[in-house]
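Before any comments, here is the structure.
The values are calculated or read from the model by the stated rules, or taken from the named source; none is laboratory data. This one's a predicted model, so the numbers in the text were calculated from it and none came from an experiment. Here Cβ is always computed from backbone atoms with ideal geometry, including for glycine, and neighbour counts include all displayed protein chains.
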Amino acid sequence: MTKYNFKSIVLISTCMVALISCSNAKQAENKEAENLPADIVELRDDQIKLANIETGTIGMRSMSGTLKVNGVVSVAPQNLATVCMPMGGFVKSTSLVQGSTVRKGQTLAIIENQEFIDIQQNYLEAKNKLEYAEAEYKRHKELYKDDVYSQKNLQLVTADYKNLKSMVNALKQKMELIGINPANLTEDNISRSVALHSPISGYVKAINVSIGKSVSSSDVLFEIVNSDNLFLELTLFEKDADQVARDQKIHFFINNETEQHEAVIYQTGKSINDDKTYKVYARVTGFCRNILPGMYVNCIIESKAKQVNTLPVDAVVSFEDKDYIFVFDKNKVENAKSMTEYRMVEVQKGLMNNNYIEVVLPEGFDMKNSRVVIKGSYNLLSAMKNAGEMSC
């Protein structure tokens, strides 16, 4: 709600209290003082003018609020790569440091292993034998057609040929797995070292190698992250689940910076977690130079617009941790003076925008015919709390 000028409020409230107290004193002298309900305050016409009381009606407005949530920057699985050496070995060289930018296919390190030599040797030997076995298979197949060769001998030749063929294919797959191209392998270029390549483009998040280090097939040597397609993983409470939807815009901040970044919700969770929280995922839009996976973010979500009951912000007052409005109750004549009664009604506050606030009214409230105090509500509250505490 808007801030009030403190001195003006004190002055008006003091005058109001004095006037009401005098009125109460005169009523007591006449022995006709009225015991008002706790939720009623009455004022004379001059008091209403002094308190600057104005009434109006409750209106319907389309309002969209904001929801503040926390989250973390994440990266999709296809944009995060952990790089291992399938057969292990010793690190011969690497030129990268943490944070280095790499492209897909770039060499990350050179790994040496004696087994690399054995695999290449076995592949070439098996390949040479396969060429001979294939020729024998074709020759014996033709002889068998001419009834020159027995079926048994043909079966033996066929088995040898197929076994060698499967061996060559298996060794070929092993070499491709460790990064050796079988098509380029000859008896003259067998190598004991293999280049380890980056599977994606991005930057090096972690390096776990050093020159001469022995690594196994299960060791993670490098972590590569592509930060071009980051997203936010936000945590909302269960009660806020209905305030977010796909394609809603999000404004977020990182590291307590004042620079504002933007994101758009692309997916919402389909279940509530055990701690009564709800996950929402948003895709980061635009370029954010300082944003990295794992960072915590503070977000502001623009909630969906909806038609709600609204009043000017000044119409709602707070008292003892509850929110109230004042509603015209009735006019009356007391001691030959015109009096007006206002009833205090408890409400709940909702969205607030452009000096208007959403009010959730109690059940059975006659919104159509009720005249609500839209200006001077705080003066009415002060008069109600202080009535009778001052004397004339």
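Listed conditions (1) under 30 Å from T285 (Cβ atoms); (2) outside the structural domain of D240 (by TED's automatic domain parsing); (3) surrounded by fewer than 17 Cβ atoms within 10 Å (Cβ to Cβ) are all met by N70, apart from (2). Could you say whether any residue in region 110-133 is within 55 Å of the chain's Cα centre (by Cα), among the aliphatic types (A, V, I, L, M) and under 21 Å from Y203 (Cβ atoms)? Within region 110-133, one or more residues are within 55 Å of the chain's Cα centre (by Cα), among the aliphatic types (A, V, I, L, M) and under 21 Å from Y203 (Cβ atoms).
Of the strands (runs of 3 or more DSSP E) contained entirely in region 219-294, those carrying at least 1 residues that are small (G, A, S) and touching a Leu at 6+ places or on another chain (Cβ under 7 Å) fall at 261-268, 277-285.
Yes or no: region 266-279 includes at least one residue that is hydrophobic (A, V, I, L, M, F, W, C), outside the structural domain of Y203 (by TED's automatic domain parsing) and under 22 Å from Q78 (Cα atoms). Checked against the condition, which is being hydrophobic (A, V, I, L, M, F, W, C), outside the structural domain of Y203 (by TED's automatic domain parsing) and under 22 Å from Q78 (Cα atoms), region 266-279 yields no hits at all.
Only one entry of D275, D228 meets the criterion of being under 24 Å from G99 (Cα atoms), surrounded by fewer than 14 Cβ atoms within 10 Å (Cβ to Cβ) and more than 13 Å from the chain's Cα centre (by Cα), and that entry is D228.
Pick out the one residue from N189, N184, N208 that is surrounded by 12 or more Cβ atoms within 10 Å (Cβ to Cβ) and not charged (D, E, K, R). Steps first, answer last, please.
Details: N189 fails: surrounded by 12 or more Cβ atoms within 10 Å (Cβ to Cβ); N184 fails: surrounded by 12 or more Cβ atoms within 10 Å (Cβ to Cβ).
The unique qualifying residue is N208.
For region 202-231, filtered to residues that are farther than 20 Å from M87 by Cβ and of a type in the set (S, T, N, Q), the residue that is modelled with the highest pLDDT is N226.
Any chance region 335-350 includes a residue that's small (G, A, S), in a strand (DSSP E or B) and in contact (Cβ under 8 Å) with a residue 24 or more places away in the chain? Checked against the condition, which is being small (G, A, S), in a strand (DSSP E or B) and in contact (Cβ under 8 Å) with a residue 24 or more places away in the chain, region 335-350 yields at least one hit. Within region 100-125, residues that are in the same structural domain as K165 (by TED's automatic domain parsing) and assigned to a loop (DSSP other than H, G, I, E, B) sit with their Cβ atoms under 8 Å from residues that are surrounded by 14 or more Cβ atoms within 10 Å (Cβ to Cβ) and among the basic types (K, R), at 6+ positions apart or across chains, in these pairs: N113/R192. Selection of region 15-49 for residues being surrounded by 17 or more Cβ atoms within 10 Å (Cβ to Cβ), modelled with pLDDT of 80 or more and not basic (K, R) yields V41, E42, L43, Q47, I48. When Q151 is tested against (1) touching a residue at least 12 places away in the same chain (Cβ under 8 Å); (2) farther than 30 Å from S303 by Cα; (3) loosely packed, with under 12 Cβ neighbours inside 10 Å, only condition (1) is not met.
Out of F252, F237, one residue alone is touching a strand residue (DSSP E or B) at 6+ places or on another chain (Cβ under 8 Å), in contact (Cβ under 8 Å) with a residue 12 or more places away in the chain and surrounded by 15 or more Cβ atoms within 10 Å (Cβ to Cβ). It is F252.
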